[in-house]
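The values are calculated or read from the model by the stated rules, or taken from the named source; none is laboratory data. Since the model is a prediction, treat every value here as computed from it, not as a measurement. Positions of Cβ are generated from backbone atoms using ideal geometry, with glycine treated the same way; all protein chains shown enter the neighbour counts.
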Amino acid sequence: MDSHDGFREFVLARQQALMRTAYLLTGDAHLAEDLLQSVLIKVVGQWPKLSRGGNPEAYTRKALVNQYISWRRRPRPELPSADPPEHGASYDGAALDRILLRQALAKLTPKQRAVIVLRFWADLTETQTAEALGCSVGTVKSQAHHALARLRMLAPELAYLLSDSEIEEAAR
């Protein structure tokens, strides 16, 4: 029996969900791919322990958040902008809302963005989010409150989207 049995199946089954989480954290498809790849390299090293009794998805999600926050602390070149192109492209209302929301999300602190992504997109409970971030439930609640208030300030035209129960749909 190989010590990595099940890893391939885990990745195939959860890759899309993990990639979406990475994308929502980074706001960039290429950075999301890099983030997920670097995390999966670490996860495969822990796979024997995870497959025996751990929760591989929760571990991987926490590793994504930790790696993302670590990357945000390092100085690096300017990220590509999510600004719509200036030339006569046309967008429907939902597409413009997504662009504006992504721009606003990019202006949050890494921890605030992680809380918003985990709570409202990944639909984790406050307790699960706290476990993924390695903080208290109270910290999750306050970070979510402050992040939503900041999003409402940064993108007032999206205030109708930014209620706690509706942000999941807007982030997609």
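Would you check which residues across region 1-14 are in contact (Cβ under 8 Å) with a residue 12 or more places away in the chain and either surrounded by fewer than 18 Cβ atoms within 10 Å (Cβ to Cβ) or within 14 Å of Val117 (Cβ to Cβ) (or both) and list them? Step through it out loud before you land on a result.
Taking region 1-14 and keeping what is in contact (Cβ under 8 Å) with a residue 12 or more places away in the chain, we get 3-7, 10-11, 14.
Hits for region 1-14 are Ser3, His4, Asp5, Gly6, Val11, Arg14.
Return a yes/no flag: does region 16-28 have any residue that is more than 25 Å from Thr125 (Cα to Cα) and either buried (at least 18 other Cβ atoms within 10 Å of the Cβ) or not polar (S, T, N, Q) (or both). Give the steps one after another, and end with the answer.
Of all residues in region 16-28, those more than 25 Å from Thr125 (Cα to Cα) come to 28.
In the following step, the residues that additionally are either buried (at least 18 other Cβ atoms within 10 Å of the Cβ) or not polar (S, T, N, Q) (or both) were identified as 28.
Looking through region 16-28, at least one residue is more than 25 Å from Thr125 (Cα to Cα) and either buried (at least 18 other Cβ atoms within 10 Å of the Cβ) or not polar (S, T, N, Q) (or both).
When you go through (1) farther than 24 Å from Met153 by Cα; (2) at pLDDT below 90; (3) small (Gly, Ala, Ser) one by one for Ser38, which number turns out not to apply?
(2)
Scan region 95-118 and give yes if some residue there is acidic (Asp, Glu), out of contact with any Leu (no Cβ under 9 Å at 6 or more places or on another chain) and surrounded by fewer than 20 Cβ atoms within 10 Å (Cβ to Cβ), otherwise no.
The initial filter retains those residues of region 95-118 that are acidic (Asp, Glu), namely 97.
Retained after the next criterion (residues that are out of contact with any Leu (no Cβ under 9 Å at 6 or more places or on another chain)): none.
Checked region 95-118: no residue is acidic (Asp, Glu), out of contact with any Leu (no Cβ under 9 Å at 6 or more places or on another chain) and surrounded by fewer than 20 Cβ atoms within 10 Å (Cβ to Cβ).
Please work out which residue is modelled with the highest pLDDT, limiting yourself to region 86-110 and to residues that are part of a helix (DSSP H, G or I) and closer than 17 Å to Tyr68 by Cβ. Show your work before the answer.
Quick first cut of region 86-110, residues part of a helix (DSSP H, G or I) only: 93-106, 110.
Then keep just the ones that are closer than 17 Å to Tyr68 by Cβ; that gives 102, 105-106, 110.
Values: Arg102: 81, Leu105: 84, Ala106: 86, Pro110: 89.
By that ranking, first place goes to Pro110.
Tell me which residues, restricted to region 15-54, are outside any helix (DSSP H, G or I) and under 22 Å from Ile116 (Cβ atoms).
Gly27, Asp28, listed by residue number.
Identify all residues within region 134-161 that are surrounded by 14 or more Cβ atoms within 10 Å (Cβ to Cβ), at pLDDT below 90 and among the hydrophobic types (A, V, I, L, M, F, W, C); write none if there are none.
Of everything in region 134-161, those that are surrounded by 14 or more Cβ atoms within 10 Å (Cβ to Cβ), at pLDDT below 90 and among the hydrophobic types (A, V, I, L, M, F, W, C) turn out to be Leu148, Leu151, Leu154, Ala155, Leu158, Leu161.
Out of curiosity, is Arg76 basic (Lys, Arg), at pLDDT below 80 and outside any helix (DSSP H, G or I)?
Numbers: basic (Lys, Arg): yes; at pLDDT below 80: yes; outside any helix (DSSP H, G or I): yes.
Here the answer is yes, as Arg76 does meet what is asked.
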